[in-house]
Structure formats: structure tokens, C-alpha cells
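Q: One structure is given below, represented as C-alpha cells, and several questions about it will come after.
Any read-out appearing in this document is the output of simple, stated calculations on the displayed coordinates, not a laboratory observation. Just so it is clear, the structure is predicted and the values come from calculations on it, not from any experiment. Using ideal geometry, Cβ is built from the backbone for each residue, glycine included, and neighbour counts are taken over all protein chains shown.
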Amino acid sequence: MRDGHAYLNRNAQRIADSMIEDADRLGVSHSRGSLGEHLIDAGADSPGGIEAALRIVEICLGGLGTVSAGLNSGKWPYSVDVRSSQPVLACLASQYAGWNLSHEKYFAMGSGPVRALARVEPLFEEIAYREPKADSSVIVLETSTPPPAAIIEKVSKATGLAPDRLTFIYAPTQSLTGAVQIVGRVLEVALHKAHDLKFPLADIVDGAGRAPIPAPHPDFLQAMGRTNDAIIYGGTVQLFVKGSAEAARNLAEQLPSHTSRDHGQPFADIFKKFKGDFYAIDPRLFSPAEVIVTAIETGDTFRNGGIHDAMLEQSLG
């Protein structure tokens with residue numbers, strides 16, 4: 001795996017600083033917390049919006065991805081596009097929301113390059129990248145409230161950075177910012193499932209993904225359902241991989257969401273059926289609807305799955 005001094009945290013800090021500088025235009029607000037930490041409200045008490053969300057996705061990717069929104073054909077034409085030539089680092093070492101940052105009644109999963117500094121997750125035993133010493137770090141939280149002091153202290157201790165060198169960005173799922181930044185994980189979801197399928201991470205060399213932007217919803221369950229369905233039933237990902245054509249074919253066959261036993265229902269209904277227990281849901285469901293895998297050493301391309309318009313109609317409206 002290439003680690004070539006990618007500097008995830010330095011890249012992300014540069015984008016976070018630009019958000020603070022452009023706060024009025026982006027509809028976000030910046031403040032300092034009780035321990036001196038930087039707080040960026042991107043969709044809770046501040047309106048936020050699509051442009052703010054696109055920058056947050058770039059931050060989550062550690063600056064190793066290109067993120068845009070554009071109009072395409074179809075009933076849900078406004079989509080997020082994500083590309084990365086270092087997808088394992090961008091998606092798994094940074095964007096994946098894998099760090100449990102909970103305290104008492106406060107619950108949040110942390111994503112962003114801070115994870116590559118803390119390295120508290122088992123996943124980092126499989127990722128060779130070691131982040132060079134960082135002067136600061138950025139954490140993205142899918143929540144409506146800023147983190148309490150106990151969380152600031154937890155992150156500070158794990159990273160070795162003083163609280164005033166940490167930037168926490170937060171936006172709830174129900175906000176437009178939250179909806180877009182979650183759908184902007186379409187490529188990351190594919191990488192995470194490829195990892196679960198034991199596909200060699202070092203063989204994934206490039207990737208791109210697209211998913212429709214759903215309308216936000218004031219109800220958390222409906223908002224969460226729409227963002228998941230946008231990927232599960234409306235997401236498309238192409239991966240470029242090294243290795244044999246057979247390995248690429250096998251990945252394409254197993255990667256799409258339709259391979260899950262729970263496929264074919266709105267995510268909100270699935271979540272209710274399992275009484276809110278994420279771990280009871282078939283993990284194979286969390287993947288894009290349509291997958292294209294290209295074996296760059298043989299020139300073969302394999303396709304599987306497809307956009308599920310009926311489910312998008314039911315969920316996104």
C-alpha cells in the first residue's frame with residue numbers, strides 16, 4: 001500500500017481552516033469550546049448546506065479525494081461524486097466512521113484523519129500507513145450537539161494533541177449538510193465491504209463513486225433511512241484493482257448490496273424490524289447498488305448489481 005507521506009491531517013486542517021474563513025458563505029459557524037477546542041457547527045444551529053458538506057467529505061477523506069456535486073439524468077439527478085487515487089487511505093484510514101466517541105448520554109462515531117493519529121481501531125493493524133507527526137487534527141461527528149469535555153480529553157489523550165489543536169465539525173443526519181456528507185461515503189462503503197470480503201487492500205489502487213442526494217427529513221429514522229438507501233439502492237462505484245481477472249470478477253459478484261438477505265426493503269423499515277440494532281442487520285447490505293471492477297493488469301471489467309428505482313421511489317419520494 002502506498003503511504004508516500006500523504007499527510008491526511010495536514011490536508012484536512014487546510015480544508016477546515018478554509019471552512020472557518022468562508023463560514024458566512026458556507027452557512028457554518030466557528031467557536032471555541034471550554035478546553036480551547038475549535039468547534040464548527042455545520043448544520044445544527046447553523047444552516048450549513050451542500051457546499052459545506054462537500055468540504056466536510058473532503059476533510060473526511062484526508063484531502064486525498066476529489067468531491068463534487070452535479071446534475072445528471074433521472075428522477076434524482078443531483079448527486080455527489082467522489083474520486084480517489086489513494087482510496088484505502090482516504091476511505092478506510094480516514095473517512096470511515098470507526099471511532100466510538102461516546103460518553104454517558106452523548107453518542108457519536110468519529111471519522112476523519114484523527115483516526116490515523118489515534119490508531120485505536122483494530123482496522124489499523126491492517127493498514128500500513130503511519131501518519132507523520134501532526135500539529136493539529138480534525139474530527140467529524142454526525143450529531144446535533146458539540147462534544148462534551150470528556151470527549152475532547154479522550155481525543156487529546158489518544159492523539160497527543162492539546163485540545164486547542166483539535167477541530168470538531170458536527171452536523172446532524174437530519175440536516176442538508178448531514179445528508180450530503182453521509183451519501184458522500186459511497187466509495188468508502190464499497191472499500192469497507194471489500195475489506196470484509198477479505199479482498200487484499202493493497203490491490204485496490206483507484207476508485208470513484210456516485211450517489212443521489214436525498215431530501216433531508218426532520219425525523220432521525222427517516223433521515224437515516226434516506227441516506228442509507230441513496231447508497232444501497234442508488235449508489236454506483238467503480239474500483240480499479242491489481243491482480244487476476246478472477247479476483248476482480250469475484251469481488252464484483254460479491255460487492256453489490258443485492259447480495260444481502262435484507263435487500264429489498266427501505267432501510268428505515270429494516271432498522272425498525274431489528275429494533276434499532278445495527279449489528280443484527282446483514283452487513284452485506286451496506287454497499288453500493290451497482291459495482292464495476294476493472295482488473296488493470298488484464299484489461300477486464302466486471303459489472304454487477306444495478307440502480308433500484310422502485311426502492312428509491314419508496315424511500316426518497
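Q: Relative contact order (percent) for the chain, with alpha-carbon contacts under 8 angstrom and 6 or more residues of separation?
A: Rounded, it is 17 percent for the chain.
Q: What number comes out for the charge environment of residue 245, summing +1 per Lys or Arg and -1 per Asp or Glu over other residues with Cβ under 10 Å away?
A: Here the count lands on -2.
Q: A further question on this structure: Between beta-carbons, use under 12 Å as the cut-off and find the net charge around residue 26, counting Lys and Arg +1, Asp and Glu -1.
A: Summing Lys/Arg as +1 and Asp/Glu as -1 gives -3.
Q: Right, something else. Going highest first, how would you order 234-245, 63-74 by mean Cβ packing within 10 Å?
A: 234-245, 63-74
Q: Among (1) 58, 46, 39; (2) 53, 43, 36; (3) 61, 46, 42, which is the computed Cα extents along the principal axes in Å?
A: Checking each listed value against the structure points to (2).
Q: Rounded to the nearest 10 degrees, what's the angle between the helix 186-196 long axis and the longest principal axis of the chain, both from Cα atoms, 0 to 90?
A: For 186-196 against the chain, the angle is about 70 degrees.
Q: What does the extension gain come out to for residue 297 and residue 313, with contour length at 0.36 nm per residue minus their alpha carbon separation?
A: Extra length available between residue 297 and residue 313 comes to 1.9 nm.
Q: Separate question: Can you tell me which of 283, 122, 132 moves the most in a GNM of the chain? Springs connect C-alpha atoms under 10 Å apart.
A: Between 283, 122, 132, it is 122 that shows the largest mean-square fluctuation.
Q: All other residues with a Cβ under 10 Å from the Cβ of residue 80 taken together, and with Lys, Arg as +1 and Asp, Glu as -1, what is their net charge?
A: That sum, taken over residues with Cβ under 10 Å, equals +1.
Q: While we're looking at this one, here's another question. Provide the gained length on full extension for the span residue 162 to residue 206, in nm with one decimal, where the gain is 0.36 nm per separating residue minus the Cα-Cα distance.
A: Result for the pair: 12.4 nm of gain on full extension.
Q: Given the -39500 (n - 2.57) contribution per DSSP H run of 4+ residues, what per-residue ellipticity at 222 nm results for the chain, rounded to the nearest 500 deg cm²/dmol?
A: The helix-only estimate for the chain comes to -9000 deg cm²/dmol at 222 nm.
Q: Compare the peptides 306-315, 166-175 by average per-residue count of other Cβ atoms within 10 angstrom and give them in order, highest first.
A: Descending packing order for the listed peptides: 166-175, 306-315.
Q: Just name one of 271, 308, 195: the one whose Cα is farthest towards the positive end of the charge dipole of the range 185-317 (beta-carbon charges, Lys/Arg +1, Asp/Glu -1).
A: 271
Q: Cα atoms only, the range 185-317: Rg and Dmax in Å?
A: For the range 185-317, the Cα-based Rg and Dmax read 14.9, 48 Å.
Q: Please give the contour-minus-distance gain from residue 197 to residue 275: 0.36 nm per residue of separation, less the Cα-Cα distance, rounded to one decimal in nm.
A: Difference between extended and current length: 25.4 nm.
Q: A further question follows. Which ordering of 261, 130, 115, 165 is given by a fewest-first count of other beta-carbon atoms within 10 Å?
A: Fewest to most other Cβ atoms nearby, the residues stand as 261, 130, 165, 115.
Q: Let me ask something additional. To the nearest 10 degrees, how steeply does helix 245-254 sit against the main Cα axis of the chain, on a 0 to 90 scale?
A: 70
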